Amino acid sequence: MEIWINIFGYAAAICMVCGYLPQAIHTIRTRETDGIALPTFLLMFLGSLFFIVQGILIHNIPLWLTNTITAVCAGIVFGIKMYNDYFKKK
């Protein structure tokens, strides 16, 4: 049973990273953030941070590794969005 838990954990990790990376790469390259909701990426960043802590506490490598990558991506997108919305347009 433990092997299936690990398989599903790593499959979820791959899906999550592959889901975040295209948006982060596009935003970093183009600096376009008009279609991005600021609260969404703030909450995704915070959620990832909480999952990192949980993954570390329960010794779940896929959980903390995936959420470290997604937190970095969400943090970068959030930072670019903040810059574009509050500093660049003023």
**Pairs where the first residue, in the range 1-14, is closer than 22 Å to ILE52 by Cβ and the second is of a type outside the set (A, V, I, L, M) and surrounded by 10 or more Cβ atoms within 10 Å (Cβ to Cβ), C-beta under 8 Å, 6+ apart** = ASN6/PRO62; GLY9/ASN60; GLY9/PRO62; TYR10/PRO62; ALA12/PRO62; ALA12/THR66; ALA13/PRO62; ALA13/THR66
**Prompt:** Which residue pairs have Cβ atoms closer than 6 Å, lie 6 or more positions apart in sequence or on different chains, and pair a first residue in the range 60-86 that is over 13 Å from GLY47 (Cβ atoms) and in contact (Cβ under 8 Å) with a residue 24 or more places away in the chain with a second residue that is among the aliphatic types (A, V, I, L, M) and part of a helix (DSSP H, G or I)?
**Reply:** PRO62/ALA13; ILE69/VAL17; ILE76/ALA24; VAL77/ALA24; LYS81/LEU38
**Request:** Kindly indicate whether PHE50 is aromatic (Phe, Trp, Tyr), modelled with pLDDT of 90 or more and open to solvent by 30 Å² or more (accessible area, probe 1.4 Å).
**Result:** yes
**Request:** Give the number of residues within the range 16-49 that are hydrophobic (A, V, I, L, M, F, W, C) and closer than 13 Å to LEU63 by Cβ.
**Result:** 3
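The values are calculated or read from the model by the stated rules, or taken from the named source; none is laboratory data. As the structure is a prediction and not an experimental result, all values here were calculated from the model. Every residue, glycine among them, receives a Cβ derived from its backbone with ideal geometry; neighbour counts consider all protein chains shown. Heads up: the accessible areas ignore ligands, DNA and RNA and are worked out on the full protein's heavy atoms, side chains in. Shrake-Rupley method; radii C 1.70, N 1.55, O 1.52, S 1.80 Å.
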